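For reference, the structure is listed below as structure tokens.
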Amino acid sequence: MPLLDRLSGEALKQYVDAADSIRLFPLWLGRGGEAPPEIEPFLWRWSEVQPLVLKSGEAVTPDRDVERRIMGLTPPGLERGSTHTLVANLQLLLPGETAPAHRHTPTALRWILTGTGAYTTVEGDKLWMEPGDLILTPSWTWHDHANVGNEPMIWLDGLDVPLVKFLKANFYEAFPEDQHPVTGVGESMAKYASGALRPAWEDQEVPYSPLWHYKWDRTYDALKNLAEVSSSPFDDVAMEYSDPATGGPVLRTMTCWIQLLRPGVQTRAHRHTSSKVYQVFRGEGYSVIDGQRFDWTEGDFFVVPSWAWHEHASSAETESVLFSIQDTPIMKSLALYREEPYTEHAGHQPVTSHFPAGKPA
Ligand SMILES: [Fe+2]
Ligand SMILES: [Fe+2]
């Protein structure tokens, strides 16, 4: 006979109170705790985001107190962060400004959106930032930013902060000077950017890509070359930035993709346990996420939460290029990665609503 049938009313209450008083919880009573909030897919329009990011330049200046002038992309269902594991922030650095040197255990990457004339140093290696470049600042590497040009720079910062905080492994250290001494210019690129060749005398043992700078022109060339020969039904011409030493993802907790959607291509829907933040680098089109259609154009951002059905389409007139940050390496390393194709309706979800909510399908 189940315990509930034998223990009820006041006796059950006394039992539960006694357990509660020593922080012990009878989960068979259905008190297993509340489900985590559902993170909703969301889209941010560049036309709305950019003016507010630029305006933040009037409100605050990066210094030792406000180290970075950043604004976070946070979808409904979260108080902070962009997915349950990832953060995507927009950072503005004005001409003449520096963002002081520091290091932290959360890993960061920069996807450069607009402007020229600024650089990031990573462990003393000076990397000039241009739109379409990907720059890595792996866990516990010193980094700072400086804008020595004459236009505002905006880039997307991707970090694994929610995961690192959850794992109680968040550490931070300020560098004693504002900027880390520059010891080289583009050294990591000179050593590792050729991909297939690397310095013969080095045994790479760092837990991240030793190449910290992926230039846009090489990235785009690679996409165009791949488009000539192959594509994926779920992502069209998609490439993962890789660690030249291992061939694997560039970072242990995050990976980055660049994907070319050829004009008029509509991918098939699928879902997976990894979550993603996208930036529309070029083009226009739409994505359908859990039946909701998100129309996007150049510069927009959108989030695909874990296990949400999604498919992408580029307009018939133009190719589109999507950059994305994903937490796939975490899920794969923990044997929790799962992926499933959408098999009904020839692989395409019926569109039941348009973003923003309320707009009819
Ligand atoms: Fe940082
Ligand atoms: Fe996907």
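Reported count of residues in region 302-320, each being surrounded by fewer than 22 Cβ atoms within 10 Å (Cβ to Cβ) and more than 12 Å from ligand 2 (Cβ to nearest atom), is 6. Consider region 219-238 and keep the residues that are of a type outside the set (A, V, I, L, M), surrounded by 13 or more Cβ atoms within 10 Å (Cβ to Cβ) and more than 16 Å from ligand 2 (Cβ to nearest atom). The one that is nearest to Tyr192 (Cα to Cα) is Thr219. Among the candidates Ser306, Ser324, the residue that is of a type in the set (Ser, Thr, Tyr) and not in a loop (DSSP other than H, G, I, E, B) is uniquely Ser324. When region 347-361 is filtered for residues that are over 23 Å from Gln279 (Cα atoms) and in contact (Cβ under 8 Å) with a residue 24 or more places away in the chain, the ones remaining, listed by number, are Gly347, Pro350, Thr352, Ala361. Would you check if there is a residue in region 206-225 being over 20 Å from the mean Cα position of the chain (by Cα) and in a loop (DSSP other than H, G, I, E, B)? Yes - at least one qualifying residue is present in region 206-225.
Scanning region 321-348 for residues that are polar (S, T, N, Q) and either loosely packed, with under 13 Cβ neighbours inside 10 Å or more than 13 Å from ligand 2 (Cβ to nearest atom) (or both) gives Ser333, Thr343.
Screening the candidates Ser287, Ser306, Ser274, Ser232 for the property of being in the same structural domain as Val122 (by TED's automatic domain parsing) and farther than 23 Å from Ser82 by Cβ yields one hit, Ser232. Is there a residue being within 16 Å of Trp155 (Cα to Cα), among the polar types (S, T, N, Q) and away from ligand 1 (no atom under 16 Å from the Cβ) anywhere in region 69-88? Taking every residue of region 69-88 in turn, at least one turns out to be within 16 Å of Trp155 (Cα to Cα), among the polar types (S, T, N, Q) and away from ligand 1 (no atom under 16 Å from the Cβ).
Residues in region 62-109 that are touching a helix residue (DSSP H, G or I) at 6+ places or on another chain (Cβ under 6 Å) and within 16 Å of ligand 2 (Cβ to nearest atom): Thr85 only. Applying a threshold of 7 Å to beta carbon distances and a minimum spacing of six or more residues, or different chains, the list of pairs starting in region 63-77 at a residue that is more than 30 Å from Glu38 (Cβ to Cβ) and ending at one that is hydroxyl-bearing (Ser, Thr, Tyr) and more than 16 Å from ligand 2 (Cβ to nearest atom) reads Arg69/Ser56.
When we screen Arg64, Arg68, Arg103 for residues that are closer than 19 Å to Ile135 by Cβ and modelled with pLDDT under 95, the only hit is Arg68.
Within region 292-312, being of a type in the set (S, T, N, Q) and within 15 Å of His348 (Cβ to Cβ) holds for one residue alone: Gln292.
Of all residues in region 125-161, those satisfying the criterion of being within 12 Å of ligand 1 (Cβ to nearest atom), part of a loop (DSSP other than H, G, I, E, B) and of a type in the set (A, V, I, L, M, F, W, C) are Trp140, Trp142. Whenever a residue of region 229-240 is in contact (Cβ under 8 Å) with a residue 60 or more places away in the chain, its partners that are of a type in the set (Ser, Thr, Tyr) and within 14 Å of ligand 2 (Cβ to nearest atom), lying with C-beta atoms within less than 8 angstrom and at least six residues away or across chains, give the pairs Pro233/Thr267; Phe234/Thr267; Asp235/Thr267; Asp236/Thr267. Answer yes or no: is there a residue in region 271-281 that is in a strand (DSSP E or B), of a type in the set (Lys, Arg) and away from ligand 1 (no atom under 16 Å from the Cβ). Yes, because at least one residue in region 271-281 is in a strand (DSSP E or B), of a type in the set (Lys, Arg) and away from ligand 1 (no atom under 16 Å from the Cβ).
Of the residues in region 250-265, at least one is polar (S, T, N, Q), under 26 Å from Lys224 (Cα atoms) and within 14 Å of ligand 2 (Cβ to nearest atom).
Considered as a group, the residues in region 271-291 that are buried (at least 22 other Cβ atoms within 10 Å of the Cβ) and either of a type in the set (S, T, N, Q) or free of Cβ contacts under 8 Å to residues at least 24 places away in the same chain (or both) include one that is nearest to Asp133 (Cα to Cα), and that residue is Gln279.
The values are calculated or read from the model by the stated rules, or taken from the named source; none is laboratory data. What you are looking at is a predicted structure, and each value in this text was computed from that prediction instead of being measured. With ideal geometry, Cβ positions are generated from the backbone for all residues, glycine too; neighbour counts draw on all protein chains shown.
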